[in-house]
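Quick notes on the structure that follows.
Values quoted throughout were computed directly from the atomic coordinates according to the rules given, and no laboratory measurement underlies them. These figures come from a predicted structure and were not determined experimentally. Cβ placement follows ideal geometry from the backbone for every residue including glycine, while neighbour counts extend to all protein chains displayed.
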Amino acid sequence: MVHGPGFDQRMLLMATRMAHETDLKNVLLSVLQELLDYVRAGKPTEMNVEPITLVRCMIRLVLRLIADPANAEGK
């Protein structure tokens, strides 16, 4: 999505919100990673997103994924 033609930075924020609202944790983690990469690349942006906030969200999300019994190995 980020590398496609017609990319608008607001697409990442919309994808983040939709993944969060539908509880798609794996998708949310991927979108947060792309958002972090986009912000860290220093590209001009209208978004008011701090990299440290994204990292904190990703850490919390990974901890939830680890603690989720549905994600246990062998299942």
Exercise. Taking the chain as the reference, fit the longest principal axis to its C-alpha atoms, fit the long axis of helix 51-67 to the helix C-alpha atoms, and give the angle between the two in degrees, 0 to 90, nearest 10.
Key: 20 degrees
Practice problem: Quick one: dipole size for the chain, taken about the Cα centre, charges +1 on Lys/Arg Cβ and -1 on Asp/Glu Cβ, in debye to the nearest 20. | Solution: 120 debye
Quiz item: Where does the charge balance sit around R56 when Lys and Arg score +1, Asp and Glu -1, over other residues with C-beta under 14 Å from its C-beta?
Solution: +1
Quiz prompt | Scattering profile of the stretch 10-69 at q = 0.13, 0.17, 0.27 Å⁻¹ [log10 I(q)/I(0), Debye over alpha-carbon scatterers] | solution = -0.33, -0.54, -1.20
Self-check item: Summed side-chain charge close to D8 - residues other than D8 whose Cβ falls under 14 Å, Lys, Arg +1, Asp, Glu -1
Solution: 0
Self-check item: Calculated from backbone phi, Karplus (6.51, -1.76, 1.60) coupling profile of the stretch 9-20 in Hz, x at Gly/Pro
Solution: 4, 5, 4, 5, 5, 5, 5, 4, 5, 5, 5, 5
